[in-house]
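Derivation of every value follows stated rules applied to the coordinates shown; laboratory data play no part. Computed from a predicted model, the values in this text were never measured in an experiment. Every residue, glycine as well, gets a Cβ built from its backbone with ideal geometry; the counts of neighbours run over all protein chains shown.
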Ligand SMILES: [Zn+2]
């Protein structure tokens, strides 16, 4: 009898241990959708012969590799130079039931006299804001995806998701990702600047019914940042930082929700 009890106990224990999901566990169930901004006829920001659409695609490919090596399933909204219409990017994330949606962009400033002053990495989550800088950056990124959309539709689209339950989660994810990118980048480039985790009304994030963020990896109008951004080392640090941020966010959420 004691022998049987010990077998049952060992079986129960091994089931408990293998069924246990701790930090880093069971990531193969988690799908991450990653989105390289712009593409095709929409080059995004341009400076000194460099295009935002090319930079963000390079970083997104590195991000895919890093996420896969951590065990995640990954889907890229675009893997080459093509344009996606408004809504297509987040619709993919919703249709595929992604855990997290991450859009990658690069920043730019219009005023030439400020080219060498504006720099830094920022992570955004969707929220209306009175902050003029966030509004300016969102307006630039929104311009291409909003072509052909009338003003009333724009307001209906954005109002339908603002104040939704995912804003708090997106804010948490943005904080984790921004913090980890800066840690990785600053180890190699101590003067790298952080613009923080910030709210902004980006249309690319509208409709995403899951934690969704947009990373502005730096200003391509700033000479120092542009040169760094187009190196493999800098891109790798950004990709690794995003992955560590996602790991931290999902591990914390698992502990909170118990799933
Ligand atoms: Zn962009």
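In nm, what is the difference between 0.36 nm times the number of residues separating residue 114 and residue 82 and their Cα-Cα distance?
This chain segment gains 8.4 nm when fully extended.
Give me the number: length gained by fully extending residue 224 to residue 194, i.e. 0.36 nm times residue separation minus the C-alpha to C-alpha distance, one decimal in nm.
That works out to 9.3 nm of additional length.
Averaging sequence separations of C-alpha pairs under 8 Å and six or more residues apart, then dividing by the length of region 44-150, give the relative contact order as a whole percent.
Relative contact order, region 44-150: 27 percent.
How would 124, 189, 249 line up from fewest to most surrounding beta-carbon atoms within 10 angstrom?
189, 249, 124
Using Cα centres only, tell me the gap between region 195-259 and region 66-87 in whole Å.
What the calculation gives is 14 Å, centre to centre.
Sorting 55, 126, 31, 117 on the 10 Å Cβ count, fewest up front, what's the list?
Fewest-to-most Cβ neighbours within 10 Å comes out as 117, 31, 55, 126.
Starting from the 7 Å offset along Cα-to-Cβ, what nm value, one decimal, do you get for the label separation of residue 26 and residue 129?
It works out to 3.4 nm between the two label points.
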